[in-house]
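No value in this document is a laboratory result; all are computed from the given coordinates. Because the structure is a prediction, the values reported are computed rather than measured. Glycine also receives a Cβ, built like all others from the backbone with ideal geometry; neighbour counts cover every protein chain displayed.
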Ligand code: FE
């Protein structure tokens, strides 16, 4: 009898302990692929004691996983490098609205989701970079002008399966309509220096190696190249200059996208998830982004890094960023139709 009582006491004790010790954590499903993220989450853990667990995959894989896990999903936050995928996740009912006065005041109004399902943490422009040796800045103007015959065999860009290109094409469709976009895509493909391959960084390296003269890339990759530990990358960064397209008086501005976060519908650690988003959009969190990943800040109280500032300010295409998701399927069809591999 005594033994049984002891046994019961011990069981009760351990179950109490294990209840209290429910792990203080937050679970991320993340598409981001930058060194800064580890630093950011480590800083947050130190500050709050909340452990950040990250599962990395591409956005469509993560959306599929969220969908299949349903109510049992351990995910708290869906982190992407594309507003289009956040739109898709919210459209599929996988997200819940985010309500925090702190985030609301941290984040620049122009970058917000009107429907309240996701928040931006940074933004980036999909810009042109050109060879300092073979292109004169005055020859460049708009995305549309890249179909000009003078660029035949000179344009470098990665594959159309990439989310950054899909978002760019979605913005072209939203702004110019489907027919003009098909024409544009055909013209661009016929000006390619080579079949699309490699990453954004690889396009810049190809310019340095003389394989093409103009590349379409995300802005922060130039910052990452210039501050790389590899001399080959620094040299590639130095071989090109940054150009923001569509800056003319009657033009819409350069295409941007956000890296952002959605709150999962069934987030089991919602309080911690909100805390993390508050931290990432705070001045401290934003300074960590701009100085390590060379992205633009979502919080207007923080300035871009010095390198990024040296490129000057630019006019942003004001298109509702959810359109990058809405026109995605159409963009992909255009790629297929026009032979952009
Ligand atoms: Fe990237």
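When restricted to residues that are within 16 Å of the ligand (Cβ to nearest atom) and buried (at least 20 other Cβ atoms within 10 Å of the Cβ), region 33-50 contains 2.
Among the residues of region 182-197, not a single one is within 16 Å of the ligand (Cβ to nearest atom), touching a strand residue (DSSP E or B) at 6+ places or on another chain (Cβ under 8 Å) and assigned to a helix (DSSP H, G or I). Test residue 102 against the criterion of being out of contact with any strand residue (DSSP E or B) (no Cβ under 6 Å at 6 or more places or on another chain) and either part of a helix (DSSP H, G or I) or buried (at least 24 other Cβ atoms within 10 Å of the Cβ) (or both), and give yes or no. Here the answer is yes, as residue 102 does meet what is asked. Taken over region 205-234, the criterion of being in contact with a strand residue (DSSP E or B) (Cβ under 8 Å, 6 or more places away or on another chain), buried (at least 21 other Cβ atoms within 10 Å of the Cβ) and more than 16 Å from residue 159 (Cβ to Cβ) is satisfied by 207, 213, 214, 219, 220, 222.
With respect to the conditions (1) within 16 Å of the ligand (Cβ to nearest atom); (2) not in a strand (DSSP E or B), residue 259 falls short on a single one, namely (2). Screening the candidates 280, 225 for the property of being within 16 Å of the ligand (Cβ to nearest atom) and either under 15 Å from residue 125 (Cβ atoms) or not in a loop (DSSP other than H, G, I, E, B) (or both) yields one hit, 225. In the condition set (1) in a strand (DSSP E or B); (2) closer than 20 Å to residue 172 by Cβ; (3) within 16 Å of the ligand (Cβ to nearest atom), residue 128 is compliant with all but (3).
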